[in-house]
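Working notes for the structure below.
The values are calculated or read from the model by the stated rules, or taken from the named source; none is laboratory data. Note that the coordinates shown come from a computational prediction; the quantities given were computed from them, not determined experimentally. We place every Cβ from the backbone using ideal geometry, glycine too, and count neighbours over all the protein chains shown. These accessible areas exclude ligands, DNA and RNA; they are computed on the full protein's heavy atoms, side chains included. Shrake-Rupley method; radii C 1.70, N 1.55, O 1.52, S 1.80 Å.
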Amino acid sequence: MARTGHTAGTPRCSISAVMGLRERKKLEAWRTIRSTALRLISERGFDAVSVEDIAAEAGVSRTTFFSYFPTKEAVAFDLDPQALAEWRERVATDTDDRPLWPALTDLYVDMATVLAEWLPVQKRVLQQHPGLTQSARATCDTFAPDLYRWISRRTPDGDRLLTSLLLNASMAGYITALEVWDPADPLDVLLDSVRTCLHRVGAGLAAPEHSPSTA
């Protein structure tokens, strides 16, 4: 996981600690429905599982399902709200003084870890239904604004061109690792692939600056 500027022993208030009872119950219901859906989809395949199947297995009504997820596709692609909020908090408060690229690589490893339960199912769904690739890309795009702000804080004068280049190149490395990963393999295999892809991309971007030839 990525290091942050928080020193050991410094108390940090988790997102769950400040959630009210109503919000916690809603999150628990969301997670129950989602975990049930992921299990059924893993066992039977995406097409063989209906919204009614998921709702019945989760012990909720069809109406309740749709109050949390607008479509069946959403239950396979939406992100855990608390996990996403905690990842965003880490990014927003990160004061790591290491070089940009190794620290950025760790944020992508964090991202994959946040998605650990979801990624194998998502990958299998995409193998069966390539047409849903755009939904998966939209999930990755959820992380982009936070990563852009993080990179911008670390680039000279928040250079927009350099910030966008670093974001797009690093995201391409991350997506490549996801594309070649076999969902039957352990998460550690994916994390190693993320590090490898980001290292190879960064080896070019981290090279000393030089002006293009005018010859």
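Taking Lys and Arg as +1 and Asp and Glu as -1, the other residues whose beta-carbon sits under 15 Å from that of residue 47 total -1. Candidate cross-link partners of residue 72 among the aspartates and glutamates, defined by an alpha-carbon separation under 14 Å and a same-chain spacing of 8 or more, comprise 47, 52, 53. When 166, 161, 187 are compared by accessible area of protein heavy atoms, the largest-first order is 161, 187, 166, using a 1.4 Å probe. Calculated from the alpha-carbon coordinates, region 52-127 shows an Rg and a Dmax of 16.5, 50 Å respectively.
Taking every protein chain into account, the accessible area of region 63-215 amounts to 51 square angstrom per residue (probe 1.4 Å).
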